[in-house]
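The values are calculated or read from the model by the stated rules, or taken from the named source; none is laboratory data. Note that the structure is predicted; figures quoted are calculated from it, not measured. Positions of Cβ are backbone-derived with ideal geometry, glycine not excepted, and every protein chain shown enters the neighbour counts.
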Amino acid sequence: ELKVEQNPLFLSMQEGKNYTIYCNYSTTSDRLYWYRQDPGKSLESLFVLLSNGAVKQEGRLMASLDTKARLSTLHITAAVHDLSATYFCAVSEYSDQLTFGKGTKLSVIP
Amino acid sequence: EAGVAQSPRYKIIEKRQSVAFWCNPISGHATLYWYQQILGQGPKLLIQFQNNGVVDDSQLPKDRFSAERLKGVDSTLKIQPAKLEDSAVYLCASSLGGGGSVYEQFFGPGTRLTVL
């Protein structure tokens, strides 16, 4: 059974600081997705990582994938309040079915 | 381009009652998914359709849950009878294809179900 673990599950960070969210998974998949979810809202796709060493950046967020270590990271640079949300990683083992982690609830405080 | 539509957005029922959710995927998307998201957890796949056929329903509690996708477009998910533990957000997602291809899933706004 595919397992996806995120840590931390809760993260409170100050504006302007940097931090990294980790996503470990138990399969040899090379497809990993990051989603953002605001309270009461649906999931918004952030990044799709499809190969070992893939790195994608959008604004203050950067995601990377190490398939050998079965690890993806979501790095936050100089956090701002607008980044407060819950971030999910999801892994596709075969076909296009996604297995999600439990999510990391990020709160950016002044 | 219109996104994935779902209705209703909220539903409150008593246990043992029945409820149905509706989903209209993005036009042209062959694959449709239903997920259950319990508070504080990530979404869990319930069922996947490819056009109007079921690809995977291994995690669907078939004693009380049913889903169909007539004509390969809209889909309905039904719970009968509902239990307290069914309280969750039910998310519908769609993608262009499947079968090993890499197609991004787009999610609808979800239906928040509360079972009292």
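Could you say whether any residue in the stretch B:6-23 is within 11 Å of chain A (Cβ to nearest Cβ) and of a type in the set (A, V, I, L, M, F, W, C)?
no
Could you list all residues from the stretch B:70-85 that are modelled with pLDDT under 95 and surrounded by 14 or more Cβ atoms within 10 Å (Cβ to Cβ)? Quick ask: steps written out before the conclusion?
Filtering the stretch B:70-85 for residues modelled with pLDDT under 95 gives B:70-73.
Those that are modelled with pLDDT under 95 and surrounded by 14 or more Cβ atoms within 10 Å (Cβ to Cβ): B:GLY72, B:VAL73.
Out of the stretch B:8-29, which residues are exposed (fewer than 14 other Cβ atoms within 10 Å of the Cβ), within 15 Å of the chain's Cα centre (by Cα) and not in a loop (DSSP other than H, G, I, E, B)?
B:TYR10
From the list B:GLY53, B:GLY28, which residue is more than 19 Å from A:GLY103 (Cα to Cα) and free of Cβ contacts under 8 Å to residues at least 60 places away in the same chain? Step through it out loud before you land on a result.
On the way: B:GLY28 fails: free of Cβ contacts under 8 Å to residues at least 60 places away in the same chain.
Among B:GLY53, B:GLY28, only B:GLY53 is more than 19 Å from A:GLY103 (Cα to Cα) and free of Cβ contacts under 8 Å to residues at least 60 places away in the same chain.
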